[in-house]
1. For the range 132-143, enumerate the residues that are crowded, with 23+ Cβ neighbours inside 10 Å and either more than 20 Å from the chain's Cα centre (by Cα) or in a loop (DSSP other than H, G, I, E, B) (or both).
2. Against the definition (under 30 Å from GLU351 (Cβ atoms) and surrounded by fewer than 20 Cβ atoms within 10 Å (Cβ to Cβ)), how does SER228 come out, yes or no?
3. Restricting the first residue to the range 408-429 and requiring it to be under 20 Å from ARG447 (Cα atoms), which pairs with a second residue that is among the aromatic types (Phe, Trp, Tyr) and part of a strand (DSSP E or B) meet a Cβ separation below 6 Å and a spacing of at least six or different chains?
4. Of the residues in the range 264-313, how many are in contact with a Phe, Trp or Tyr (Cβ under 9 Å, 6 or more places away or on another chain), without any contact (Cβ under 8 Å) to a residue 40 or more places away in the chain, surrounded by fewer than 18 Cβ atoms within 10 Å (Cβ to Cβ) and among the aliphatic types (A, V, I, L, M)?
5. When residues of the range 163-218 are filtered for being free of Cβ contacts under 8 Å to residues at least 12 places away in the same chain and under 15 Å from ILE48 (Cα atoms), how many remain?
6. How about the range 177-196: which of its residues are surrounded by 18 or more Cβ atoms within 10 Å (Cβ to Cβ) and not in a loop (DSSP other than H, G, I, E, B)?
7. Determine, yes or no, whether THR543 is modelled with pLDDT under 70, surrounded by 12 or more Cβ atoms within 10 Å (Cβ to Cβ) and under 25 Å from ILE308 (Cβ atoms).
8. Return a yes/no flag: does the range 175-196 have any residue that is within 25 Å of the chain's Cα centre (by Cα), closer than 20 Å to LEU441 by Cβ and not aromatic (Phe, Trp, Tyr).
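The values are calculated or read from the model by the stated rules, or taken from the named source; none is laboratory data. Since the structure is predicted, the reported quantities are computational estimates derived from the model, not experimental observations. Positions of Cβ are backbone-derived with ideal geometry, glycine not excepted, and every protein chain shown enters the neighbour counts.
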Amino acid sequence: MFTETDVVLLHPPSVYDFREKAILYGPVSDLIPSSPVFEMYPLGFLTIQSYLEERGYRVRIVNLAVKMMRNEDFEVREFIADLDPQFFGIGLHWLPHAHGSLEVAKIVKEEHPDTPVVFGGLSSTYFHDELIEYSQVDYVLRGDCTEKPFLELLKSVKDDTSLSKVPNLTWQQDGETVVNELSFNPDNLDYVDLRTDIMIKNVLKYRDLESMLPFDGWLQNPITTVFSVKGCQQGCVTCGRSNCTNQHYNQRSGPIFRSPASLAKNIKEIATFSRGPIFIIGDIRQAGQEYAEQLLAKLKQLKLKNEIIFELFSPASAEFLEGIDQAVKNWSLELSPESHCEEVRAAQDKEVYYTNQEMEATLDIAADLDCNRIDVFFMIGLPKQTVQSVQETIDYCEHLFNKYDQRLSCFISPMGPFLDPGSLAFEKPELMGYKKLAHTLEDHRQRLTNPSWQEILSYETKWMTRKEIVEQTYSAAERLNELKHKYNRIDEATKEHVSQRIKDAKKLKELLDTKVAALESGEELNLKGEFDKFSISTVCDKTELDWTTKFIKFKFWGVFKMLFSW
């Protein structure tokens, strides 16, 4: 086999030199665990690591973004120069990494000119033919299931055999781009397992806890995710995992699922070492009633104490919610109606349309059961959504606050910073009511270093300009913040904290609009910390998304057993 480390998987920050630049990223990451640096690496890193390690390869994950965030003196180039794998893998899964991924790849090539660099992820897949033209990129693996193709690529390079038989590979031969058939396209997700024991053992092996952290702050808020599905049956206009995008990424029309047995096994292993919440990505009803019933039956057998968070993509029946209540001791729900306006919701996804009355019927049932928490998410930047509509969404939030107890809370954020490649909004912008301002990978890479999130946004709509999207984001956030305090969703200190950050973010935005902020490089650097601070916790306090866990968040005996099961 290869030497000490065969593959190093690097997760870059969104913008490589974010520590030097003064960029007002805006609240584009306030409703996800990571920061505007987008330091949370894709779950595919873990499945690639598990798949290759089970076959004798040594794979190290390095979360460069977290390392750079946690240590201002961390030298990326020196760190990369000290690595000596046979292969570097770099994730370009989410398009906000268009800048950081290519800059990191450039450093890798400068320090290791003879070591192959392979890109993967959804954005890599969509822009594969453009991406392969960059001199720092040797290979692109396409699709959302690249574990086996990665193995075949490693073998082919090691044995010096033809690359033409490596599935899903885009590469160059004699200066010409070659696109191999996307032939590895499994019909379920059980071909690869998520080996948490390998993750933990590699922390000790490389003495590098930071690199395995899913995001900065995970040790305080140790939420973990398991994917029940890749892709989606729904056709939301703006979604990068809709049935439309599946065609672009995988040449398949529908989602693929992890079996109930495999999913329950993943959840059990996580619960072995963590007391934190476990979020099941994807509405488990998408695979059918039998699938959902089987999963709930297996969860009931596990008798978990961890909080289990379920996603609902549409209203749920009393039978389904009662099934969750009987199977899981601690459970919560997340719903994303996107808008209070039924016309906007229908424009976003006419195939899975539902009324507010139907949604509230679901909330009524959950509120009568032992559901611990219900989070309802709304978005700004949708088709047919106007300035007035955004404000009416906040009115509707007050209606929900008034109707339900403190277990229910509402959140709103802008859609951004980019339209998802492959989505209907990206592919048919005019038909969907969008004006697309970035088309190529290079377009997006360059937009990421603009000084203001208004200038970073890659779209506006027929109904709202970019300026209005920005203004309404702050206006809606201010009103929602006040309502959360009024209805006891947040305390006075949190309300004042968010309120002040919104005011300061708006002032900084005004400075940028008048081109005062960056008159001299020294002034720009002085403002740098201010820009960072007011790109986080502005539409809400990020801690509102944290889940209550016990003081001791990890089961150290479980960690010990995993380490010595090697």
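1. Scanning the range 132-143 gives VAL137, TYR139, VAL140, ARG142, GLY143.
2. no
3. Close Cβ pairs satisfying both conditions: LEU419/TYR459; ALA425/TYR434.
4. Summing the residues that are in contact with a Phe, Trp or Tyr (Cβ under 9 Å, 6 or more places away or on another chain), without any contact (Cβ under 8 Å) to a residue 40 or more places away in the chain, surrounded by fewer than 18 Cβ atoms within 10 Å (Cβ to Cβ) and among the aliphatic types (A, V, I, L, M) in the range 264-313 gives 0.
5. Residues that pass the stated criteria total 0.
6. Listed by number, the list holds a single entry, THR196.
7. In short, no.
8. Yes, the range 175-196 has at least one match.
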